[in-house]
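FYI, it's all coordinate maths here, none of it is from the lab. It should be emphasised that the depicted structure is a prediction, and the values quoted were computed from it without experimental measurement. Every residue, glycine among them, receives a Cβ derived from its backbone with ideal geometry; neighbour counts consider all protein chains shown.
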Amino acid sequence: MKVDVPKGGDPVLVMEREFDAPRELVWAALTDPAQVMRWYGGQGFENPVCEMDVRPGGRWRHVMRTPDGAEHPLEYVFLEVKPPERLVWRTAGPAEGQGGPHDNTMTVTLTAAGERTRWRLVVEFRSHADREAALGMGFTRVLGEGCDKLQGLVKRR
Amino acid sequence: MVELHAPGVMEADRLSATLNALADPTRRAILEQLARGDASPTELAAPFDMSLAAVSKHLKVLERAGLLSRGREAQWRPCHLEASALRDAATWLERYRRFWDRSLDALADHLERVPRRRPR
């Protein structure tokens with residue numbers, strides 16, 4: 001897991017990737033429901049429902065089917081839409097405002113690099129307004145360095 | 001077991017409590033200190049410019065989140081790190097990361113199949 005702390009000091013989880021496709025195509029794959037249905041969740045996952053109203057305040061209603069056949073309804077609201085470079089969405093529906101793992105804000109930034117596109121996903125595990133995200137540098141240090149140590153502590157008991 | 005980024009309801013409640021407890025830098029620092037060994041509230045308060053009462057509030061949050069337990073000794077009541085709650089959070093985050101890894105692999109495959117319209 002790559003964890004980055006930007007200059008503002010907001011601790012977040014960051015996932016970066018480069019795609020061999022121009023930015024406009026990546027943007028379309030991210031915002032066209034017919035395309036999102038084909039990749040969201042990855043191999044073995046199906047997405048029988050994907051409705052996106054891609055504008056600030058618009059909803060993204062989604063049902064994801066896991067390989068065991070269980071269906072999981074997901075609901076998000078778009079906060080920022082700036083084609084073809086920046087898309088921000090947040091958990092909506094029952095999980096909204098609850099804090100914790102379901103209460104995420106996700107920001108995808110696409111940067112053109114010739115015919116390739118750099119993807120950067122930033123996940124904040126709290127409401128958008130609360131800039132103190134759950135994943136602090138200290139937390140990840142505890143998790144990263146500490147897990148073996150913690151295992152040891154537990155075994156010792 | 002199915003690797004899903006969405007945990008079950010019970011698990012989600014526990015994770016919410018854990019992640020919320022971890023959202024505070026003072027509480028994270030307390031946990032780091034406890035990872036080195038049990039400590040009394042007074043010892044935990046020492047590195048902070050903070051009253052014992054304020055530290056006790058943080059300890060209560062950590063205790064409610066299942067991240068910390070207190071010893072029975074009447075005077076000392078040492079704080080002990082409960083690593084399992086932390087591991088649960090780490091496990092969930094790892095699943096979450098894998099969810100996106102998998103999705104982005106699929107997105108890369110998808111993009112290879114999308115016909116490209118060359119500019120000009």
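Annotations for the structure displayed:
- Within the stretch A:30-98, GluC sites (Glu not before Pro) in DSSP loop having at most 15 other beta-carbon neighbours inside 10 Å: A:Glu85, A:Glu96
- Among B:Pro78, B:Ala39, B:Met50 - extreme Cα towards positive end, dipole of the stretch B:38-120, charges at beta-carbon: B:Met50
- Shielding by partners, peptide A:22-28 (average Cβ within 10 angstrom, other chains): 3
- Shielding by partners, peptide B:107-116 (average Cβ within 10 angstrom, other chains): 6
- Sites A:Glu85 and B:Arg64 - FRET efficiency at Förster radius 41 Å, r taken between beta-carbons, to 0.05: 0.45
- Once the Cα-Cα distance is subtracted from the 0.36 nm per residue extended length, the B:Glu32 to B:Arg77 segment shows a gain of 14.4 nm.
- Simple spin-label estimate for A:Arg65 and B:Asp105 in nanometres, 7 Å along Cα-Cβ: 2.1
- Of the GluC sites (Glu not before Pro) found in the stretch B:64-120, those that fall in a DSSP loop while having at most 12 other beta-carbon atoms within 10 Å are B:Glu73.
- The residues packed around A:Ala113, meaning those with a beta-carbon under 14 Å from its beta-carbon, carry a net charge of -1 if Lys and Arg are +1 and Asp and Glu are -1.
- Near B:Leu44, once Lys and Arg are set to +1 and Asp and Glu to -1 for all other residues with Cβ below 13 Å from its Cβ, the sum equals +3.
- Approximate spin-label separation A:Glu18-A:Arg116, in nm, with each point projected 7 Å along Cα-to-Cβ: 0.2
- B:Asp88 paired with B:Arg113, simple spin-label distance in nm, labels 7 Å along Cα-to-beta-carbon: 3.9
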